[in-house]
1. Could you give the distance between the Cα centres of the stretch 49-117 and the stretch 6-48, to the whole Å?
2. So what is the accessible area of the chain per residue, in Å², with the probe set to 1.4 Å?
3. From Cα pairs below 8 angstrom and at least 6 apart in sequence, can you work out the relative contact order of the chain, rounded to a whole percent?
4. What list of ³J(HN,Hα) couplings, whole Hz, do you get for the stretch 61-72 from phi and the Karplus terms 6.51, -1.76, 1.60, once you set θ to phi - 60° and write x for glycine and proline?
5. Taking θ as phi - 60°, what are the ³J(HN,Hα) couplings along the stretch 4-15 by the Karplus curve (6.51, -1.76, 1.60), each to the nearest whole Hz, with x for Gly and Pro?
6. If the cut-off is 24 Å between C-alpha atoms, which lysines fall inside it for Lys64, apart from same-chain ones fewer than 8 positions away?
7. Give me the distance in nm between label points sitting 7 Å out from Cα along the Cα-to-Cβ direction at Leu47 and Phe100, one decimal.
8. What's the FRET efficiency of Asn83 with Gln109 using the Cβ-Cβ distance as r and R₀ = 22 Å, to the nearest 0.05?
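The values are calculated or read from the model by the stated rules, or taken from the named source; none is laboratory data. Fair warning: this is a prediction, and the values are worked out from it, not measured in the lab. Here the Cβ positions follow ideal geometry from the backbone for every residue, glycine too, while neighbour counts run over all protein chains shown. Just the protein is used for accessible areas: all its heavy atoms, side chains included, with ligands, DNA and RNA removed. Shrake-Rupley method; radii C 1.70, N 1.55, O 1.52, S 1.80 Å.
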Amino acid sequence: QVQLVESGGDLVQTGGSLRLSCAASGSIFVVNVLGWYRQAPGKQRELVASISSGGTTDYSNSVKGRFTISRDSAKNTVYLQMNSLKPDDTAVYYCYYRDFRIQNGYWGQGTQVTVSS
């Protein structure tokens with residue numbers, strides 16, 4: 001019903017920057033949340049940042065001040081600007097969408113971000 005397509009993952013050196021994009025398509029409800037999660041090898045998937053259709057944002061403490069989430073609601077697209085990247089940021093980053101009326105959401109396929117030491 002909803003498809004999410006991520007792009008922008010790459011290999012970057014410590015201190016570098018990347019910009020991730022995720023385009024949502026399908027049956028998008030106007031009241032929703034879009035976000036980014038990440039999963040490193042051997043670790044649980046964790047929230048990186050999220051943004052609601054009303055503009056409310058939430059960030060992991062580990063990325064506050066370095067990452068910025070934004071959205072273009074007209075295009076149903078969410079972005080994650082990642083600055084001052086660290087090796088600990090290395091993970092597969094997944095886009096997430098949830099209709100506020102339901103509990104479960106949708107996941108993108110993931111995009112690999114690798115930060116070299």
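1. If we compute the Cα centre of each part, the gap is 4 Å.
2. Accessible surface, normalised per residue, equals 53 Å².
3. Numbers: 289 pairs, mean separation 42.2, N = 117.
Result for the chain is 36 percent.
4. 4, 6, 10, 4, x, 10, 10, 9, 9, 8, 8, 10
5. Karplus values, whole Hz, x for Gly and Pro: 10, 10, 9, 7, x, x, 6, 9, 9, 7, 3, x.
6. Cα-Cα hits under 24 Å: Lys43, Lys86.
7. Calculated label separation equals 1.5 nm.
8. Values: r = 24 Å, r/R0 = 1.11.
Calculated value: 0.35.
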